[in-house]
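> Sending over a structure as structure tokens; questions will come in a sec.
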Amino acid sequence: MVSDSPVMSDNEPLDEDHPELPAPWGRTVVLLLASLLLSSGICWCLGRDKLPNETGQLSGYAVPLVSDWTGKIESFFVQPGDFVQEGDPIVVLVDERLPVQITRQQREVDDLEAALRRAEETVDAELTRQLRAIDAEIAVLKAETQSFLPPNGDAPEQTGGSQTERLNQLEMQRINLPHQLRKSAGVERIRGELVQSEAKLRHLQSLPVKLTLPSPVNGKVSRLLRAPGERVVQGTPLLELADQAQPYLIVEMPEPLAKRFALGDEIPLKFPGQKKGMGRVANMQRLENSDQESPSSEEESNSNNRIRVMIEPENDSWPQMPLESAVKVRTSDSNALSRRVH
């Protein structure tokens with residue numbers, strides 16, 4: 001049987017649209033290298049945001065609430081850990097001595113008023129007695145003067161002169177007598193003391209028995225420095241508040257990781273809501289190792305140690321965030337650490 005399919009001759013040229021020869025080896029190597037670089041770049045880009053981060057907690061510098069008067073702490077409206085706004089009531093102070101002072105001062109006023117009444121009564125009685133004596137003497141002198149007058153009405157020069165002088169003395173004595181008696185009895189002195197005592201009483205009565213101190217800042221109550229029932233004087237710190245307007249970040253990290261940083265280093269931060277900012281290492285402190293088992297090597301000991309790193313804002317780049325917000329600290333990206341050169 002003869003096949004109908006065409007038979008290809010050995011000398012027939014190959015179809016140029018379907019080459020069957022293998023590609024040159026150089027082109028293959030280039031394609032492999034390009035694929036490898038592309039894969040590495042994609043992996044690096046995908047993994048760049050997955051580099052290990054440490055998470056810190058936002059805190060604030062301590063601001064004391066200071067008593068501005070003397071009294072006893074009646075009660076606190078807050079406890080450590082509470083968040084407060086500026087102006088919120090914090091503590092009630094009571095001046096338990098004020099009612100006693102008012103009572104004592106009122107008694108002093110009453111005593112001075114009684115003393116003033118007695119002095120004035122004494123003056124009035126003595127004034128009446130002495131005025132009667134003066135008036136009687138004046139009347140006698142005038143009668144004697146009339147008896148010595150001649151029919152023409154002219155008094156002898158010597159007799160009339162002495163009697164007239166005495167009458168003038170008695171008249172002056174009569175005028176000055178009230179002031180002299182009031183001075184000797186201490187009326188004006190007592191009256192002055194009474195005026196001062198009444199002013200002091202009015203001042204005490206104007207003072208509040210209780211005083212509520214407000215929060216000076218927005219923040220969190222860190223700790224109470226005094227307890228209810230304690231008596232405090234003006235200027236005594238009562239509690240501490242973490243000020244939200246003066247934030248800093250606290251992050252704990254393994255010692256090997258912390259050794260990458262130094263004081264003054266700048267660190268990129270990521271806040272909640274994908275907000276970013278820069279921080280500066282302000283302090284580093286090794287924490288006590290709570291593990292009971294002794295490490296088998298120095299390397300293991302260092303890896304178990306934890307370092308407390310405090311980070312402060314850099315150039316006001318931090319967004320407004322509530323205290324205790326969780327903030328991510330990039331520690332592994334070598335491009336994320338910008339050390340200032342002084």
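Read-outs throughout are calculated quantities, based only on the coordinates presented, and are distinct from any laboratory measurement. Keep in mind that this is a model prediction, so the values were computed, not measured. Positions of Cβ are backbone-derived with ideal geometry, glycine not excepted, and every protein chain shown enters the neighbour counts.
> What are the residues whose amide H is under 5 Å from the amide H of S325, where those residues sit 5 or more places off or on another chain and H is modelled from the backbone?
L58
> Something else about it: With a cut-off of 8 Å between alpha carbons and a minimum separation of six or more residues, what is the relative contact order of the stretch 98-206 in percent? Numbers along the way, then the final one.
Details: 54 pairs, mean separation 59.7, N = 109.
Reported relative contact order: 55 percent.
> Towards the positive end of the charge dipole of the stretch 98-206, with charges on Cβ (+1 Lys, Arg; -1 Asp, Glu), say which of A119, P178, T145 has the farthest Cα.
So the residue furthest toward the plus end is A119.
> On average over all directions, what projected area in square nanometres does the stretch 183-241 have, based on the convex hull of its Cα atoms?
The number I arrive at for the stretch 183-241 is 6.6 nm².
> Given that compact globular proteins tend to follow 2.2 N^0.38 Å, what is the ratio of the alpha-carbon Rg of the stretch 98-206 to that value?
With N residues counted in the stretch 98-206, Rg over 2.2 N^0.38 Å equals 1.80.
> Lysines near K276 by alpha-carbon distance under 29 Å, same-chain residues fewer than 8 away left out - which ones?
K50, K220, K259, K328
> List, in order, the whole-Hz ³J(HN,Hα) value for each residue of the stretch 119-129 obtained from phi through the Karplus relation with A = 6.51, B = -1.76, C = 1.60 and θ = phi - 60°; use x for Gly and Pro.
5, 5, 5, 5, 4, 4, 5, 5, 5, 4, 5
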